[in-house]
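One structure is given here, and the rest of the page talks about it.
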Amino acid sequence: SVENVQVVHPRINIPKIAKYFGTKGRYEEVNPYLLDDIRAINKTLLKPPSVDCVPVHLTAVIRHGTRYPTAKNVQKIQRLYDLVSREATNDEKWLHDIITKWKMWYTDDMDGQIVEKGRDDHRHLAVRLAKSFPSLISEENLRSNRIKFITSSKHRCVDSTVAFIEGLKKFWEVKDMDFGYEVNDSLMRFFDQCRRFIEDVDKNKMALKEVELFKSSEEMKRVQINIANRLQLQYSKVTPDLVEAAFYLCSYEFSIKSVNSPWCNLFNEVDAKVLEYANDLKQYWKRAYGHDINRKSSCILFHDVFSRLDQAANEIRFGHVTEAVTVQVGHAETLLPLLSLMGFFRDETPLTADNYVLQGNRTFHTSRIVPYAANLVFVLYDCEEGLRLQFLLNERPLAFPGIGHSAPLYEAVRGRYRDLLEGCNFEEECQVPKTSGSKYTEL
Ligand SMILES: O=P(O)(O)O[C@H]1[C@H](OP(=O)(O)O)[C@@H](OP(=O)(O)O)[C@H](O)[C@@H](O)[C@H]1OP(=O)(O)O
C-alpha cells in the first residue's frame, strides 16, 4: 500500500522537529529506547512498590495508534500542495523534490483511520505490557475472560483494540480462540454525550479564543515570514492554517511512513516550538484545564476506573479478583480530560495567546503526554502493609499530584480524590441549566 513505500531504520532520518508534533507525535519520541527494540521494557522503572507486593488488577486507558489525517486536514494539505506546486520558487533541492517527486497521496476517505504503523503501535504495546505484568496480562487470564476490552466506536479505536488482541495472541501463539470487545461510547467518547461541553466549548467559538488569538501573535507571524521566505512566496498567502497544515504534513509523513519528508525543511526548531504551543493551546482549552467542563465531562470514566479498582480491592480480601485486566481504547480527547480531572500537568498560569515565552517551562506539553498510543496504566498491588496503587503514563511511573510516594496506599489515593469520588456526577455536570443557557452567550 502507498503508506509502505519507503521503509528506513527508525533511528535514521528523524526530522529535528519530531519531538514537537504534539498529539500528532510518534510514541517512540517519548520512549526512544523503543527505536532499538520495540518490545523492550524498562525493568528499572517498571517494578512493584516492594518485593512483597503482588499485582492484582490493571486498568489501561489507551489512545488509538497512528492514524491518517482527518478529512478536514487532508483538505488543508491539498490547498497547501496546490499553492506550493503552483507558486513557490527557490533553488533548494527539497523544493524541487516537493514539486517533481512528491505526490499528494492523502484522500478525504482516509479521514482519521488507523494506518499499519498504528496497528503495530498497539500490537507492540500489548506485548510490552504483557512482559511488564506477566501475572496479570497472561495467556491464562486471556483464555478465561479475565481480560476485558472496551473501545470507542471510531474505526481507529476498534482497529487498535483488535490489533492489541492480535499482539497478545501472537505473543502466546494462541490460535484456537477469538476474543471480543465491548464498544462503549458513554465511557470512551463521553465528550460527545456531555451537552454542557458541546454547547459551552465544542460549538462555542469563544471558548477557543486563545487559540484564534495566537494565530495573529508575533510568534506566529515570524513563522509565517520564515516560511514565506523559504518558499519565496507572498507573505499574505502563507496563512496560519497553511503553516499548520505543512507542519502536520511533515508529522504525518514521518509517523505513517517513517520518512523525513522534504516538507519538514519548511521549519526550524524555533518555528516548531511555536506550532507545538499552538496545538497545546487547542488541547488546553478544548480538553484540559481551559474550561472546567472539559475535565468534568470525564467523571463517568473516572468513576468507572475507580469502581474497577474498588471491586478488585474488595475481592482480593477473599483471594480472587474476577477482572484481572481492563483495556480501554479511546482518543486524546478521552485521556486529556481524565488526566486533568486528576490534576496532572497543571501549570500555575493558564496557557494563553500572549504568554508563549512565559510558558517555555510549562508542564502541559502534549508532545510528551498524548502521542499516538499514549497510555495511562493503573496497577493495584496487594502488599504486606495494604493495597497500593501505581500509576504509569506511557510506561513510566508518575506520582499522583499532591502525593509524594510513587505507589501510595490505595486508601491515600482515594483520600486524595475524595471529592471526586463522592461527587463528580456526569449527569449533573453535563446538564445545561435551563435558565442560564450557554456560559459564553453574552461574550
Ligand atoms: O486536528 P484534527 O482534525 O486531527 O483533530 C482531530 C483530533 O486530533 P487531535 O487534535 O487530538 O490531534 C482527534 O483526536 P484523536 O485522539 O482521535 O486523534 C479527534 O477525535 C477528531 O475529532 C479531530 O478533532 P477536530 O475537532 O476535528 O479538531
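Restricting attention to region 406-425, report how many residues are within 21 Å of Ala312 (Cβ to Cβ) and touching a residue at least 40 places away in the same chain (Cβ under 8 Å).
8
I'm checking my understanding of the structure. Among residues of region 312-347 that are polar (S, T, N, Q) and in a helix (DSSP H, G or I), which one is surrounded by the fewest Cβ atoms within 10 Å (Cβ to Cβ)?
Looking only at region 312-347, we keep the residues that are polar (S, T, N, Q), and these are 314, 322, 326, 328, 334, 340.
The next check asks that each one be in a helix (DSSP H, G or I); those that pass are 314, 334, 340.
Values: Asn314: 10, Thr334: 28, Ser340: 23.
Here the residue is Asn314.
Return yes or no: is Glu173 among the charged types (D, E, K, R) and touching a residue at least 40 places away in the same chain (Cβ under 8 Å)? Walk me through it before giving the result.
Numbers: among the charged types (D, E, K, R): yes; touching a residue at least 40 places away in the same chain (Cβ under 8 Å): no.
No.
Which one of the conditions (1) within 16 Å of the ligand (Cβ to nearest atom); (2) crowded, with 20+ Cβ neighbours inside 10 Å; (3) not in a loop (DSSP other than H, G, I, E, B) does Arg368 fail to meet, given that it meets all the rest?
With respect to (1) within 16 Å of the ligand (Cβ to nearest atom); (2) crowded, with 20+ Cβ neighbours inside 10 Å; (3) not in a loop (DSSP other than H, G, I, E, B), Arg368 is out only on (2).
Being crowded, with 19+ Cβ neighbours inside 10 Å and within 15 Å of the ligand (Cβ to nearest atom) narrows it down to one of Val238, Val201, so name that one.
The unique qualifying residue is Val201.
Take the conditions under 23 Å from Glu333 (Cα atoms) and within 16 Å of the ligand (Cβ to nearest atom) and apply them to Asp108. Does it pass?
Criteria met by Asp108.
State which residue pairs qualify: first residue closer than 20 Å to Ile147 by Cβ and inside region 326-340, second residue more than 12 Å from the ligand (Cβ to nearest atom) and of a type in the set (Asp, Glu) in any location, beta carbons under 9 Å apart, and separation of 6 or more residues or different chains.
Short answer, once both residue conditions are applied: Thr326/Asp304; Gln328/Asp304.
Please list, ordered by first then second residue, the pairs with beta carbon atoms under 9 Å, 6 or more apart or interchain, first in region 142-158 and more than 20 Å from Gly112 (Cα to Cα) and assigned to a loop (DSSP other than H, G, I, E, B), second more than 16 Å from the ligand (Cβ to nearest atom) and β-branched (Val, Ile, Thr).
So the pair list comes out as Arg146/Val321; Arg146/Thr322; Arg146/Val325.
Could you say whether any residue in region 82-103 is more than 30 Å from Phe378 (Cα to Cα), within 15 Å of the ligand (Cβ to nearest atom) and assigned to a helix (DSSP H, G or I)?
No, region 82-103 contains no residue that is more than 30 Å from Phe378 (Cα to Cα), within 15 Å of the ligand (Cβ to nearest atom) and assigned to a helix (DSSP H, G or I).
Any residue in region 348-358 that is more than 16 Å from the ligand (Cβ to nearest atom), among the hydroxyl-bearing types (Ser, Thr, Tyr), surrounded by fewer than 16 Cβ atoms within 10 Å (Cβ to Cβ) and outside any strand (DSSP E or B)? Even if it seems obvious, please write down each step before you answer.
Filtering region 348-358 down to residues more than 16 Å from the ligand (Cβ to nearest atom) leaves 348-350, 352-358.
Imposing the further condition that a residue be among the hydroxyl-bearing types (Ser, Thr, Tyr) reduces the set to 349, 352, 356.
Next cut, surrounded by fewer than 16 Cβ atoms within 10 Å (Cβ to Cβ) only: 349.
Now drop any that are not outside any strand (DSSP E or B), which leaves 349.
Yes, there is a match, as at least one residue in region 348-358 is more than 16 Å from the ligand (Cβ to nearest atom), among the hydroxyl-bearing types (Ser, Thr, Tyr), surrounded by fewer than 16 Cβ atoms within 10 Å (Cβ to Cβ) and outside any strand (DSSP E or B).
Any residue at all in region 184-197 that is modelled with pLDDT of 95 or more, within 18 Å of Ala324 (Cα to Cα), crowded, with 22+ Cβ neighbours inside 10 Å and touching a helix residue (DSSP H, G or I) at 6+ places or on another chain (Cβ under 6 Å)?
no
The values are calculated or read from the model by the stated rules, or taken from the named source; none is laboratory data. Just so we're clear, the structure is a prediction, and the values are computed from it rather than from any experiment. So basically every Cβ, Gly included, is an ideal-geometry build from the backbone, and we count neighbours across all protein chains shown.
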